[in-house]
Amino acid sequence: LRLAQAVDRVGELPGTAQEAQVIREIFGDDALLATGAAFNEDAVKQEARDGTLADYRVLHFATHGILWPTPDCFTDPALTVTATTSEDSDGLLTASEIRLMNFDAQLVVLSACNTASGYLTTASNSIYGARQQVGLSGAGGESLSGLARAFFAAGARAVLATHWPVADRETTQLMERFFRLLKDEELDFADALQQAQGELRGRRETSHPVFWGPFVLIGDASATL
């Protein structure tokens, strides 16, 4: 019951579909897009088992990052997906489940709020038009390393995560510019992120760090696509 209640409080993410579609348009037929009901737990696990996910050099998750209220609650960090009627489906891809998957990704993007934060609080909030989200607080190192280690164990060579809530529209702008720099100008991950963040920082309306500052690269940031 506590698990269901915690997941139920995280709220909707109206901007993620647009974000995913923008990235799909950048890569064209080289990209596979799964949203809504198609982005479900059974499908992701099956694609990991049959090797489909290992065909992709970039895995982009535009969803919620879930970090639990206290260490004695549910300590395994997770990403939300659509639940199915399968007996073992709870609508979460936990770090333990991710570790058992098989990727061959140069880059995993966790485009979700607070993937580097520590513990959930009970209050929902919206910061500068940020996505509706359960507020997070506390030391984030252990939770971040839990998710990051899981993706590295599954085969990722770099992970892009966040330190605090991300703004809906501005995150789409950042991700669009980031991926265009990776694909069209063949920049490495670190330079592409730095330039994309710099462009948002240089515009008055997006100069506050809440819009561009939460994203951090872990792993091989010098790689290119």
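The values are calculated or read from the model by the stated rules, or taken from the named source; none is laboratory data. Every value quoted in this text rests on a predicted model; they were computed, and no experiment measured them. In this analysis, Cβ positions are derived from the backbone assuming ideal geometry, glycine residues included, and neighbour counts consider all displayed protein chains. Ligands, DNA and RNA are excluded from the accessible area calculation, which covers all protein heavy atoms including side chains. Shrake-Rupley method; radii C 1.70, N 1.55, O 1.52, S 1.80 Å.
Beta carbons closer than 7 Å, at least 6 apart along the sequence or on distinct chains, pair a first residue in segment 162-180 that is over 12 Å from ALA192 (Cβ atoms) with a second that is surrounded by fewer than 23 Cβ atoms within 10 Å (Cβ to Cβ) and among the β-branched types (Val, Ile, Thr) for HIS163/VAL216; PRO165/ILE127; ALA167/VAL210; GLU170/THR206; THR172/VAL22. Among the residues of segment 190-216, those identified as open to solvent by less than 60 Å² (accessible area, probe 1.4 Å), in a helix (DSSP H, G or I) and of a type in the set (S, T, N, Q) are GLN197, THR206.
What do you reckon, is LEU187 at pLDDT 85 or above, part of a loop (DSSP other than H, G, I, E, B) and open to solvent by 10 Å² or more (accessible area, probe 1.4 Å)? Walk me through how you get there before you give the answer.
Working: at pLDDT 85 or above: yes; part of a loop (DSSP other than H, G, I, E, B): yes; open to solvent by 10 Å² or more (accessible area, probe 1.4 Å): yes.
Criteria met by LEU187.
Checking the condition more than 22 Å from THR52 (Cβ to Cβ), modelled with pLDDT of 55 or more and surrounded by fewer than 22 Cβ atoms within 10 Å (Cβ to Cβ), which residue from GLY155, GLY146, GLY140 passes? I'd like the intermediate steps shown before the answer.
On the way: GLY155 fails: more than 22 Å from THR52 (Cβ to Cβ); GLY140 fails: modelled with pLDDT of 55 or more.
Checking each option against the conditions leaves just GLY146.
Counting only residues that are within 18 Å of ALA17 (Cβ to Cβ) and assigned to a helix (DSSP H, G or I), segment 150-177 holds 9 of them.
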